[in-house]
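What follows draws every value from the coordinates through simple rules; no lab data is involved. What you see is a predicted model; the values in this text were computed from it and never measured. FYI the Cβ positions are ideal-geometry reconstructions off the backbone, even for glycines, and counts take in every protein chain you see.
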């Protein structure tokens with residue numbers, strides 16, 4: 001389907017989805033959230049897609065937050081529906097079963113940081129700024145930000161983020177574990193492309209198993225998580241890719257994974 005607020009491009013097995021509202025610093029409104037939901041559903045069911053890169057248009061922002069003009073008009077009932085729609089969309093990204101890489105070149109604030117946090121890897125330009133400033137609007141994060149931030153950086157740092165609402169530098173975000181890597185602005189495209197290429201060359205079923213084991217198994221008790229991991233490990237033994245990977249290792253060559 002054609003999108004109004006998202007650009008979709010493909011490079012081999014890598015699909016890039018770009019939030020395209022640069023005049024609004026790519027702010028999330030209801031229409032954009034709905035389009036992201038559809039776009040990620042399409043990526044999940046397209047077997048030719050192995051990796052998704054999520055980006056924002058322009059140089060200033062990944063996504064600078066929710067659309068404040070739209071928020072101001074919401075009733076409490078509408079606000080809860082908006083929150084749940086955003087949470088549902090972001091949870092579907094988290095559980096996509098394919099790696100999703102956030103490319104953060106500028107501001108990732110409020111809903112934008114929440115969107116980045118549901119991605120599996122986050123690569124930032126040294127110019128990036130990250131924060132949850134909802135408290136300055138008399139609000140709190142509504143797309144799962146309190147919960148994901150807590151799990152990513154711990155209680156003390158998460159409370160500081162949410163209670164003070166101050167944005168931090170990319171370097172500080174990397175120290176906290178919020179960003180996986182920080183690179184010079186002119187190197188961001190190459191860094192993300194190289195990472196996506198490496199992921200796309202990996203065995204898709206093994207990638208999906210790792211994502212499930214960490215994201216789903218990690219929400220269980222340790223014993224349940226171990227059992228989840230063991231079953232995912234065993235499932236890999238039913239794949240052609242496992243046989244290709246082990247054979248290539250023994251033959252001292254690079255494996256070529258088919259996704260089967």
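Just checking the listed ones, 168, 216, 19: in the Gaussian network model of the chain with Cα springs under 10 Å, the one fluctuating most is 216.
Rank 146, 16, 239 by mean-square fluctuation in a GNM of the chain with C-alpha springs under 10 angstrom and give only the top-ranked residue. Highest fluctuation among the options: 239.
Short-range pairs are left out: with C-alpha atoms under 8 Å and at least six residues apart, the relative contact order of the chain is 16 percent. Distance between the pseudo-spin-label points of residue 221 and residue 135 (7 Å out from Cα toward the beta carbon): 3.6 nm.
Helical content of the chain, expressed as a calculated mean residue ellipticity at 222 nm, amounts to -14500 deg cm²/dmol (DSSP H runs of 4 or more residues, -39,500 (n - 2.57) each, divided by residue number, nearest 500). Rounded, prolate or oblate for the stretch 171-260? Axes are the square roots of the Cα gyration tensor eigenvalues, ordered a ≥ b ≥ c, and the cut-off for rounded is a/c under 1.5. The shape class here is oblate.
Can you tell me which of 91, 155, 181 moves the most in a GNM of the chain? Springs connect C-alpha atoms under 10 Å apart. Ranking 91, 155, 181 by mean-square fluctuation puts 155 first.
With only the Cα atoms considered, the stretch 106-200 has a convex hull volume of 85 Å³ per residue.
Expressed as a rounded percentage, what relative contact order does the stretch 178-260 have, with Cα pairs under 8 Å and six or more residues apart? Walk me through the intermediate numbers first.
Values: 50 pairs, mean separation 22.9, N = 83.
After rounding, I find 28 percent.
The alpha carbon convex hull volume per residue for the stretch 204-250 rounds to 64 Å³.
Over the C-alpha trace of the chain, radius of gyration and Dmax come out as 18.8, 64 angstrom. The stretch 196-241 and the stretch 38-117 have Cα centres spaced 24 Å apart. Bridges between two residues of the chain, per DSSP, are antiparallel at a rate of about 25%.
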